[in-house]
Every structure is written in structure tokens, then in C-alpha cells.
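A short write-up of the structure that comes next.
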Amino acid sequence: MNLFPPTLYPSSNTVRFDSTQISNPPPHFLVRLALSFLKVFRFTFLIYKCRPQYVCILFTSGSSLLEKTLFVLVARLFSSNSRIILFPRSDVVLSQLSCNFFLRYSFALLLRIANGWVLQSPSFINKFPVLDAPSTFISPNSIDSGLYPYSLSSLVLAKQKSLGFSILFVGWLEPVKQVDLIFYGIRHFMNKHANCDIEFNIIGDGSCRHDLEHLATKLCINTIFHGWVSDKNLLSRIYSESSCFCLASRQEGFPNVVLEALIHNLPVLSTQVGALPYFFDDNRHIIFFHSSPDSLSRSIEKIYFDSDFYKLLQVNSRRLISDFSPTVTSSKVKGFIDSIS
């Protein structure tokens, strides 16, 4: 809804069609496959009936790409004059294309059929130079701070190390997220600074959870596994009570969790992944680190021991966060869509 608010896309001339990503975590593959078959008939009916001027389709990776390719073919077949705008939401698909024929062929079809692309970072352009064209627009994610009760609260500003230093991760516990690297980085820091203790809070779940629980015990790191937190009040409070946010992913698009951290005034430590280096400056908005425990440990040292630098990151984040408001980003995307003819 942040990309397509009712104020810009009123219900009188907009049809919203939900994908099979009906939950978080998403349904199992067979359930999603069954839903895809059912929904494609509904989608075909809507396309044939409405003959829309624009068809905007969001996709991520894997089965989402296959499903949305089918939707694109339907839109082109039953409404040939519609302008099809595609919104890739994850860079993970880029690595999948090199090892999966069906995904590679599907993406090749999208490149031929689509009239426009709204990307989260230049990653797709680097991989496919044909996308470096006026029909491509780069736009970040957006976030509505009003949905988070503790956003930009005084809790973080007033936090002292005497209350404890805690690192927060939010997301899937899957290999691509490299959460184990965060554990090793914390342990490396604590080995260098024996009198310093760190608490690690993890919000999310996934196939690596059991291994990560074992790793937390092995490395003697005080870790709280919260699972998925659907309550926005509780989620916002955990953000606000943390000292910093850490992301160690190998691949991302534009991780919304970084925006969630910034609106809660948290310094962000991250690998140089996805759109982040494109929109944020190193050591000004985000501290970027390499995929090694030593690099992460040195990044933690910067904010653990230098309170002035910690506060500077907070100030810079507050100045920047308005650029990612839904009003700003959705208006720019709407202007781009209107320019596709």
C-alpha cells in the first residue's frame, strides 16, 4: 500500500489484486501452486473485463517470478494495449537466474514484454544493461513511522551503556542472511574487550534457527530468539530498546528493516548489499562492513566506544528519514508510471 496509496490510486479507477504471498512466512509450495492456478483465472477475468491502462506487478524470486511471468503473459494476451510495469522486490533472483533455466527463461520473457521497470537498486541494471533506459526508475522502499509507536522516541537517545548494549536483527533465519556472521562478529568483539558484554536480539524464524540456537550456546552469547513478532507495539518497543541494528546479508533488494531501524534512531551496521550503498553514505548514515567477523567487530567498536559518533549517526538518520516517507516515494513512482506511454 505504501507504493500505491488510495490517495494516488483511488478505488474508482484502480483494481488491487493480491498475490499468493498471503502470509509471512508464505504458504508452502503446493498451497501456493494451488492458489496460483485459482488466482490466474480471476486475474484473467479482471484483465479482460477492465482492459487497464497500466498493469503494475510486483515479484520477488523463485516461484514468485514464475507466477508473475504467467500474469504478465495473461495481461499482454488479453489486454495488448496495457502498459506493464514490473517491480522486482529482491536481488536474490539475480543469483537464481544463473543456475535455474526456468527462472532465466521467465526473466528473459519479462525483459521482452515489460514496458517499464521500477527497481530498488542498480543491481538489475548492472546485470542487465538493457535496463539502463528511460523506461527504468530506481526507487527505495518507504516507511510510515506513524505505524510504530516508539519510532524516534527518546528511549534510544537516553540509552546509556550502563543499561546494556544490545544488537538487533530482524528477518528470515536463512543462509543468505548470514546471521551466523553476526554471532562470530559479536564473539570476536567480546574476545578483544573482555569486560564488554552484548545482548543479541533476533526477531524472525527460518531453517537456520536450530543451528543458530546451538551457535549462541557454543559462543556463550546472550541471545533472545523472539520468533516472528506481529504486534507492531511490541516490535517497535524492541527496536527502541536496542542499541543498534545489524544486517549481514549476502543479497537484498531494499531491506525495509533498515528503515524500521532508522525511524527508531538506531545506528545500522550492514554489509554493502542491495540498494543500501546507493541511498546511504558509509559512516554518515550506515556503517558498512565486509563479510568477516573482524570487520563487524571493528564496526561495533565505532559505536560502542565513541558516543559522539553514535549520536552523529542518529542525527544524520533523522535528517534523512523523511526522504523515505510513503508520500515522497509514491509520488515519484506515480510520476514515472504516468510517463510510460
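The values are calculated or read from the model by the stated rules, or taken from the named source; none is laboratory data. Since the model is a prediction, treat every value here as computed from it, not as a measurement. A quick note on method: Cβ atoms are made from the backbone with ideal geometry, for glycine too, and the neighbour counts reach across all protein chains shown.
Report every pair of residues separated by at least 6 positions or lying on different chains whose Cβ atoms are under 7 Å apart, first residue within region 313-341 and farther than 16 Å from Asp144 by Cβ, second among the β-branched types (Val, Ile, Thr) and not in a helix (DSSP H, G or I).
If the second residue must be among the β-branched types (Val, Ile, Thr) and not in a helix (DSSP H, G or I), the pairs left are Phe336/Val118; Ile337/Ile85; Ile340/Ile85.
Could you tell me whether any residue of region 301-322 is closer than 25 Å to Glu174 by Cβ and not basic (Lys, Arg)?
No: zero hits.
Sort out which residues of region 297-312 are aromatic (Phe, Trp, Tyr) and in contact (Cβ under 8 Å) with a residue 60 or more places away in the chain, and write them in order of number.
Tyr304
Out of everything in region 250-287 that is crowded, with 20+ Cβ neighbours inside 10 Å and acidic (Asp, Glu), what residue ends up being nearest to Pro175 (Cα to Cα)?
Looking at residues that are crowded, with 20+ Cβ neighbours inside 10 Å and acidic (Asp, Glu), I get Glu252.
Applying the selection to region 234-261, what residues are polar (S, T, N, Q), closer than 19 Å to Asp205 by Cα and not in a loop (DSSP other than H, G, I, E, B)?
Across region 234-261, the qualifying residues are Ser236, Asn256.
Do we have any residue at all in region 299-316 that's at positive phi and in contact with a helix residue (DSSP H, G or I) (Cβ under 7 Å, 6 or more places away or on another chain)?
Checked against the condition, which is being at positive phi and in contact with a helix residue (DSSP H, G or I) (Cβ under 7 Å, 6 or more places away or on another chain), region 299-316 yields no hits at all.
Do the conditions hold for Leu247, that is, is it touching a Cys at 6+ places or on another chain (Cβ under 6 Å) and of a type outside the set (Ser, Thr, Tyr)?
Answer is no for this residue.
Quick test for you: out of Ser121, Ser90, Ser61, pick the one residue that is in contact with a helix residue (DSSP H, G or I) (Cβ under 7 Å, 6 or more places away or on another chain), in contact (Cβ under 8 Å) with a residue 60 or more places away in the chain and either assigned by TED's automatic domain parsing to the domain that holds Trp172 or not basic (Lys, Arg) (or both).
The unique qualifying residue is Ser121.
For region 73-89, enumerate the residues that are farther than 14 Å from Leu46 by Cβ and not in a strand (DSSP E or B).
Across region 73-89, the qualifying residues are Leu73, Arg76, Ser80, Asn81, Arg89.
Give the residue that is surrounded by the most Cβ atoms within 10 Å (Cβ to Cβ), with candidates limited to residues of region 109-120 that are in a loop (DSSP other than H, G, I, E, B) and either modelled with pLDDT of 95 or more or touching a strand residue (DSSP E or B) at 6+ places or on another chain (Cβ under 6 Å) (or both).
Among those residues, the one meeting the criterion is Ala114.
Restricting to region 262-293, and then to whatever is out of contact with any helix residue (DSSP H, G or I) (no Cβ under 6 Å at 6 or more places or on another chain) and among the charged types (D, E, K, R), can you tell me which residue is nearest to His188 (Cα to Cα)?
Once the filter is applied, the top-ranked residue is Asp282.
Scan region 220-239 and report the pairs whose first residue is outside the structural domain of Ser166 (by TED's automatic domain parsing) and surrounded by 13 or more Cβ atoms within 10 Å (Cβ to Cβ) and whose second residue is at pLDDT 95 or above and assigned to a loop (DSSP other than H, G, I, E, B), with Cβ atoms within less than 6 Å and a gap of 6+ or a chain change.
Nothing qualifies.
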